[in-house]
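First the structure, in the form of structure tokens, and then the observations on it.
Throughout, read-outs are computed from the coordinates displayed, never taken from laboratory work. Computed from a predicted model, the values in this text were never measured in an experiment. For neighbour counting, all protein chains shown are included, and Cβ atoms are generated from backbone atoms with ideal geometry for every residue, glycine included.
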Amino acid sequence: MKFIPITLLFALLSFAQKQFPKDEFRLPLDIPMQLSGNFGELRPNHFHAGFDFKTNQREGLNIYAVGDGYVSRIKISTVGYGKAIYITHPNGYTTVYGHLQKAVGKIQNKIIELQYAEKAYEIEAFFKANELPVKKGDVIAISGNTGGSEGPHLHFEIRENKTEKTINPLLFGFDKFLPDTKKPIVTGLVVFPIDENSIVNQSQQPVNLNLSLQKDGTYMSEKVLGKGRIGFGINAYDIDNVSFNNNGIYKAALESSGKSIFSYELDELSFDEARFINYFIDYNRYKKSHQRIQKLFMKNNYSWSNIKENFENGIIDIMPNSNQIKKIEISDFNNNKTIITIPISYLDIKPTLISDIKKTPYLVKYTRENNFEKDNVIIDFPAATFYEDFYLNFDVRNKILYLHDDTVAAHSNFTISFEDSISSEEDKKKMFIAAINKNKLNYIATKLTANTFSCKTKYLGQFTLAKDTTLPKIVIAKSIEGKWITAQKSVSLTISDDLSGIKTYNGYLNDKWVLFEYESKLKRITHIFNNELLLEGANKLKVVVTDNVGNSTIFETQFNRSQK
């Protein structure tokens, strides 16, 4: 996590020289453009990589190819983007369409062909230019709510083929569909003492600063009085004229004497850098209060390429006899601005609110590997797992590992190992490492080597060894056993597992594998009947569901159908 200013300067100059095609792409929907999420918006563990287009709170709208090209990738998943189509265009960019209900025409036929070939609902496939060509304005899919979507909408991205970075769609002329004359809105300003020698407004902890609106439309912060090194953070959002949503801001800058000393801008994003969001925001506060304070400084260097200007990490040193004026400028893509002026003066006074850092015997140094062990439990933190040093709460009691809590963010995976030389070999086949969340056990993919169970995770918290001997559940809402269902177009079942979770599910119609689509949010699988696979009269249906440790449940029924 090393910051190299020359590299960032080169990247900034290179980006400024890019020319984006502004009139080649049309909208992917034929309704007025409204956003429920914009580019770079702050999300859990990542920055939002595209636009979330509203679809009038319903599914079933036509999705159009925004330009000529070809379907280069299809991915069907129960999580993430759900059903997603990728179209590569001759201008060097690829557009992504996610959370689809289904594709249409030759694309949908190809999806079903691949699912039956692989005997799986979840698939991923890549295609050459001559296999699935599309023209601008072709209907490629129907809007939906699949995957990790929390409501019907279309997730849309533009990716640069050479770098695989996502680019803000506003740079491609989409701003003309999104009128915006409104300034970003600031709901909070926070000042952070950087180290144990820093005090601000009689506090060694972060302080919320009051803001007052001035006659010229800018804001004046209450005065910062203190000493030592400090940094600032903002809580802000942006709105436009038509979307009626609180979306993310486009750029922000901390200024001193008319010059920017720390700034970021959201023109493009790298997936490799997505998790830096957890150091960009005050993660501790976010986990406790769900407020995302965006820091305009960095205590330790990290290589998020969206940082455009950086002088001394954005940290301000309050020296004796000094009086300073700093400004924060928050802008949207249309250059609507909100400005905050912050007066700062030196004051040497003892704090009334002392640091809340609690020292433990376990100091994690983020620049090197750290290992901890107790009662047959081993923790291995590789170097750069975390963003800064911290005192770790670590204990093992009653076979439960207490590993700090989730108010400290990990940037990359670390390893947890439990040794068990007591359980039988048969029991071990059903065992796994589980995260404990509000007395609920959550499965973590676990590897068993000899007597040692190990897993990788990016989250601190409580963990234990768990055993799952409970079978998955399969329930059909309305029995079809022995019934004539000639007019019925589909059959649905609810599948669930109380502990380790569902790993696989397979359906068979008259002993032949058939496709069941899985909507994980509803725990529902659905098969749409295909007359070619049905028999006149009696038909047999079997569904097999297996959990992550190998427990399986079989559901069987027989129904009648007329093909005449």
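General remarks:
- Exposure proxy ranking for M298, M319, M220, based on other Cβ atoms within 10 angstrom of each Cβ and starting from the fewest, stands as M319, M220, M298.
- Spatial offset of segment 65-124 relative to segment 401-415 amounts to 35 Å, using the alpha carbon center of each.
- Kirkwood Rh (inverse of mean 1/r, distinct Cα pairs), segment 356-406, angstrom: 11.6
- Selection from N197, S243, T360 lying farthest towards where the dipole of the chain points positive, charges on Cβ: S243
- Local electrostatic count at S36 - Lys and Arg +1, Asp and Glu -1, tallied over other residues with Cβ under 14 Å: -2
- Once divided by 2.2 N^0.38 Å, the Cα radius of gyration of segment 18-177 becomes 0.97.
- Using distinct alpha-carbon pairs, which all enter the 1/r mean, Kirkwood radius of segment 185-346 in Å: 16.2
- Burial order of peptide ranges 428-439, 263-274 (average beta-carbon count within 10 Å, highest first): 263-274, 428-439
- For segment 511-564, the pair-distance distribution built from all alpha carbon pairs, in bins 5 Å wide starting at 0, is 4, 14, 23, 24, 17, 9, 6, 2, 0 percent.
- Exposure proxy shown here: for S322, S305, S424, S36, the number of other Cβ atoms within 10 Å sets the order, fewest to most, as S424, S322, S305, S36.
- Straight-line cross-link reach from K337 at under 20 Å between alpha-carbon atoms covers these lysines, not counting any fewer than eight positions away in the same chain: K176, K182, K183, K215, K251, K259, K295, K308, K326, K327.
- At 1.002 mPa s and 20 °C, Stokes D of segment 362-467 from Kirkwood alpha-carbon radius, µm² per second: 152
- For Y279, net neighbour charge (Lys/Arg +1, Asp/Glu -1) across residues whose Cβ lies under 9 Å away: +2
- Cα gyration tensor category, rounded, prolate or oblate, for segment 411-564 with a/c compared to 1.5: prolate
- Relative to the Cα centre, the charge distribution of the chain, modelled as +1 at Lys and Arg Cβ and -1 at Asp and Glu Cβ, gives a dipole magnitude of about 720 debye.
- Using Cβ point charges alone (K and R +1, D and E -1), the dipole size of segment 473-561 about the Cα centre works out to roughly 200 debye.
- For segment 374-487, size of Cβ-based charge dipole, Lys and Arg +1, Asp and Glu -1, in debye: 660
- Label-point gap, in nm, between R58 and Y362 - each point 7 angstrom along Cα→Cβ: 5.4
- Under the criterion of Cα pairs below 8 Å and six or more residues apart, the relative contact order for the chain equals 11 percent.
- Nearest-ten-degree value, helix 5-16 long axis tilted from longest Cα axis of the chain: 60
- Backbone N within segment 346-376 under 12 Å of label point (7 Å from N300 Cα along the Cβ vector): 364-370
- Cα long-axis angle, helix 105-118 against the chain (0 to 90 degrees, to the nearest 10): 80
- Principal axis box of the chain, alpha-carbon based, largest edge first, Å: 93, 67, 38
- Cβ-Cβ FRET estimate between N210 and E150, R0 fixed at 35 Å, reported to 0.05: 0.55
- The residues neighbouring E309, those whose beta-carbon lies less than 13 Å from its own, together hold a net charge of -1 under the Lys/Arg +1, Asp/Glu -1 convention.
- Bridge type composition, segment 473-561 - antiparallel percent by DSSP, nearest 5: 95
- Cα centroid separation, segment 519-564 to segment 187-233 (Å): 62
- Placing unit charges on the Cβ atoms of the charged side chains and taking the dipole of segment 362-467 about its Cα centre, the candidate lying farthest along the positive direction among Y459, L441, N376 is L441.
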